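Here the structure comes first, spelled out in structure tokens, and everything after it is commentary.
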Amino acid sequence: MYDFLRFLPHKKYLKKITKTNNNLNMNTSIFLILLIPFLGTTLGSGTVFFLKNQIKDSFQKLLLGFASGVMIAASVWSLIIPAIDSSEAMGKFAFVPAAIGIALGMAFLFLLDMIIPHLHPTSDTPDGPVSKLKKNTMLMLSVTLHNIPEGMAVGVVAASMMYGEQVMNLQAALALSIGIALQNFPEGAIISLPLKNAGGSKGKAFFNGALSGIVEPIAALITIFLSHLVIPILPYFLAFAAGAMIFVVVEELIPEASQGEHSNNSTIGFGLGFILMMILDVALG
């Protein structure tokens, strides 16, 4: 019989090809994890081409509540619980890294909230220091503040996968990324429509709305770049990202969703967002 085996690559080349394929698969997965949240903001900003006026207050309250529910569920299932699980060697003190990380994350966002002038979409009074920045610019800065902790959360998960310190599998990481994209969709709409109504063109409003979400992959890439510092304190950093996200929800999203009429809609939205994110994380994780 003719010996076909002599034409096959040597074992060491087969191993090299396998390793290369695994690296390509990992790089593709990480790229998707980083890109999906930004796509959520971009698609949300695209609603400016289909909606003539501002989003109705009742529906906006529903969207704000939905975003809050997704972020809280993602903080618990995708960040805090993995932080505690990865600290199990500490025994009954496994909660310590998570507790410290949450406190530091909330303090970090509190500091940014104090030093960066920004304007919430549902408010006419800017927060932070007095500034001569335009209203549209401060609207974008407000969404940027929301997106920083979300980008950090995605980045730390991607970094842990790169270094083999997988606190969650690929499916769970994708669930986190998809969940953040889902809550980014209404944020993109809420930011782009006021920009259009303020006198800008639809194209410019779409561009600026989408641009407000670019901070997420940037924050994620910075986190990956600093992964040599992040990985040794991974439980703390997971909880840090969770604390930052919780601060955004409690400080901004929930108060905005509770003001005025239709506050019940925000409660319904919160429940829907929380349940959906929980299902994504448990089913895919």
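For this structure, a couple of remarks:
- The string of couplings for region 35-46 from the Karplus curve (6.51, -1.76, 1.60, θ = phi - 60°) is 7, 4, x, 5, 4, x, 5, 5, 5, x, 5, x Hz, one whole number per residue in order, with x for Gly and Pro.
- For region 184-285, the set of GluC sites (Glu not before Pro) satisfying both a DSSP loop assignment and a count of at most 13 other C-beta atoms within 10 Å is given as Glu261.
- Relative exposure of Phe38, Phe31, Phe185, judged by other C-beta atoms within 10 Å (fewest first): Phe31, Phe185, Phe38
- Extension gain from Lys56 to Ala89, taking 0.36 nm per residue of separation minus the Cα-Cα distance: 6.8 nm
- Checking the Cα-Cα distances for Lys61/Lys204; Lys61/Lys134; Lys134/Lys196 against a 23 Å cut-off, the pairs over it are Lys61/Lys204; Lys61/Lys134.
- Solvent-free Debye scattering, log10 I(q)/I(0), computed from the Cα coordinates of region 161-285 at q = 0.17, 0.18 Å⁻¹: -1.12, -1.21
- Taking 0.36 nm per residue of sequence separation and removing the Cα-Cα distance, the Gln259/Thr28 pair yields an extension gain of 78.9 nm.
- Subtracting the Cα-Cα distance of Leu211 and Ile115 from their residue separation scaled by 0.36 nm leaves 32.4 nm.
- Computed over the alpha carbons of region 58-284, Rg followed by Dmax gives 17.4, 58 Å.
Laboratory data are not the source of any read-out in this text; all were calculated from the coordinates shown. Predicted, not measured: the structure shown is a model, and the values here were computed from it. Cβ sites come from the backbone with ideal geometry, for glycine too, and all protein chains shown count toward neighbours.
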